[in-house]
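Inspection log for the structure reproduced underneath, given as C-alpha coordinates.
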Amino acid sequence: AAKKEAIAKGAVEQAKAKYAATQKAYKIKLEKEKAEAKAKQAAKNQEAEKKRQKTKAEEAKKAKAAKEKADKKAQEAKKKKAQADKKAAAKKKESDKKAA
(Lines give C-alpha, C1' and ligand atoms only; values in the text may rest on other atoms or scores of the structure.)
Protein backbone atom coordinates (compact mmCIF):
# COMPACT_ATOMS: atom_id res chain seq x y z
CA ALA A 1 0.00 0.00 0.00
CA ALA A 2 2.82 2.35 0.88
CA LYS A 3 4.45 1.54 -2.42
CA LYS A 4 1.21 2.27 -4.32
CA GLU A 5 0.83 5.53 -2.41
CA ALA A 6 4.39 6.55 -3.25
CA ILE A 7 3.82 5.75 -6.92
CA ALA A 8 0.56 7.74 -6.90
CA LYS A 9 2.28 10.64 -5.11
CA GLY A 10 5.09 10.55 -7.67
CA ALA A 11 2.59 10.57 -10.51
CA VAL A 12 0.79 13.57 -8.98
CA GLU A 13 4.10 15.42 -8.54
CA GLN A 14 5.04 14.60 -12.12
CA ALA A 15 1.67 15.83 -13.39
CA LYS A 16 2.05 19.05 -11.39
CA ALA A 17 5.55 19.60 -12.77
CA LYS A 18 4.32 18.93 -16.31
CA TYR A 19 1.43 21.38 -15.83
CA ALA A 20 3.77 24.07 -14.44
CA ALA A 21 6.16 23.57 -17.36
CA THR A 22 3.29 23.81 -19.84
CA GLN A 23 2.04 27.01 -18.18
CA LYS A 24 5.54 28.51 -18.25
CA ALA A 25 6.01 27.58 -21.92
CA TYR A 26 2.63 29.13 -22.77
CA LYS A 27 3.51 32.31 -20.88
CA ILE A 28 6.86 32.55 -22.70
CA LYS A 29 5.08 31.97 -26.04
CA LEU A 30 2.67 34.84 -25.29
CA GLU A 31 5.54 37.15 -24.31
CA LYS A 32 7.38 36.24 -27.51
CA GLU A 33 4.29 36.97 -29.63
CA LYS A 34 3.82 40.27 -27.82
CA ALA A 35 7.45 41.24 -28.45
CA GLU A 36 7.19 40.26 -32.12
CA ALA A 37 4.03 42.33 -32.53
CA LYS A 38 5.77 45.29 -30.88
CA ALA A 39 8.79 44.92 -33.17
CA LYS A 40 6.52 44.66 -36.22
CA GLN A 41 4.67 47.83 -35.18
CA ALA A 42 7.94 49.67 -34.58
CA ALA A 43 9.16 48.67 -38.04
CA LYS A 44 5.85 49.80 -39.53
CA ASN A 45 6.12 53.14 -37.72
CA GLN A 46 9.71 53.57 -38.88
CA GLU A 47 8.67 52.86 -42.47
CA ALA A 48 5.84 55.39 -42.22
CA GLU A 49 8.23 57.98 -40.78
CA LYS A 50 10.68 57.32 -43.63
CA LYS A 51 7.87 57.89 -46.13
CA ARG A 52 6.88 61.12 -44.38
CA GLN A 53 10.48 62.37 -44.44
CA LYS A 54 10.79 61.46 -48.12
CA THR A 55 7.55 63.28 -48.92
CA LYS A 56 8.71 66.28 -46.89
CA ALA A 57 12.03 66.32 -48.75
CA GLU A 58 10.27 66.08 -52.11
CA GLU A 59 7.92 68.92 -51.18
CA ALA A 60 10.84 71.04 -50.04
CA LYS A 61 12.62 70.29 -53.32
CA LYS A 62 9.53 71.30 -55.31
CA ALA A 63 9.11 74.46 -53.27
CA LYS A 64 12.77 75.35 -53.81
CA ALA A 65 12.44 74.76 -57.56
CA ALA A 66 9.28 76.91 -57.68
CA LYS A 67 11.04 79.68 -55.72
CA GLU A 68 14.04 79.59 -58.07
CA LYS A 69 11.71 79.73 -61.07
CA ALA A 70 9.87 82.69 -59.58
CA ASP A 71 13.17 84.42 -58.77
CA LYS A 72 14.34 83.89 -62.33
CA LYS A 73 11.09 85.33 -63.72
CA ALA A 74 11.36 88.31 -61.39
CA GLN A 75 14.95 88.88 -62.51
CA GLU A 76 13.90 88.75 -66.18
CA ALA A 77 11.02 91.14 -65.53
CA LYS A 78 13.43 93.52 -63.78
CA LYS A 79 15.78 93.40 -66.78
CA LYS A 80 12.93 94.05 -69.22
CA LYS A 81 11.71 96.96 -67.12
CA ALA A 82 15.22 98.44 -67.00
CA GLN A 83 15.48 98.12 -70.81
CA ALA A 84 12.06 99.69 -71.26
CA ASP A 85 13.01 102.55 -68.92
CA LYS A 86 16.23 103.06 -70.87
CA LYS A 87 14.34 103.17 -74.17
CA ALA A 88 11.76 105.54 -72.73
CA ALA A 89 14.50 107.83 -71.43
CA ALA A 90 16.23 107.78 -74.82
CA LYS A 91 12.96 108.58 -76.62
CA LYS A 92 12.22 111.38 -74.17
CA LYS A 93 15.70 112.81 -74.73
CA GLU A 94 15.16 112.63 -78.50
CA SER A 95 11.75 114.28 -78.32
CA ASP A 96 13.23 116.98 -76.03
CA LYS A 97 15.96 117.63 -78.61
CA LYS A 98 13.39 117.90 -81.40
CA ALA A 99 11.25 120.22 -79.30
CA ALA A 100 14.19 122.46 -78.51
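The values are calculated or read from the model by the stated rules, or taken from the named source; none is laboratory data. In this text the structure is predicted, and so the values were computed from the model without any measurement. Glycine also receives a Cβ, built like all others from the backbone with ideal geometry; neighbour counts cover every protein chain displayed. Quick note on the areas: whole protein, heavy atoms, side chains included, nothing else; ligands and nucleic acids left out. Shrake-Rupley method; radii C 1.70, N 1.55, O 1.52, S 1.80 Å.
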If you fit an axis through the alpha-carbon atoms of helix 2-99 and take the longest principal axis of the Cα set of the chain, what angle between them do you get, 0 to 90°, nearest 10?
0 degrees
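Taking 1 over the mean of 1/r across every pair of different Cα atoms in the stretch 3-67, what Kirkwood radius in Å do you get? Kindly include the intermediate steps, with their values, before the conclusion.
On the way: mean 1/r = 0.0598 Å⁻¹.
The Cα-based Kirkwood calculation yields 16.7 Å.
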To make sure I understand the rule: partners must be lysines, Cα under 16 Å from the Cα of residue 62, and not fewer than 8 residues away in the same chain. Which ones qualify?
54, 72
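Given a 1.4 angstrom probe, I'd like the percentage of the accessible area of the stretch 33-100 that is carbon and sulfur, rounded to a whole number. All intermediate terms of the calculation are to be shown ahead of the outcome.
Details: 3950 of 6940 Å².
The computed percentage sits at 57.
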Efficiency of FRET between residue 24 and residue 50 - r from beta-carbon atoms, R0 35 angstrom, step 0.05:
0.35
Accessible area of the chain divided out per residue, in Å², using a probe of 1.4 angstrom:
102 Å²
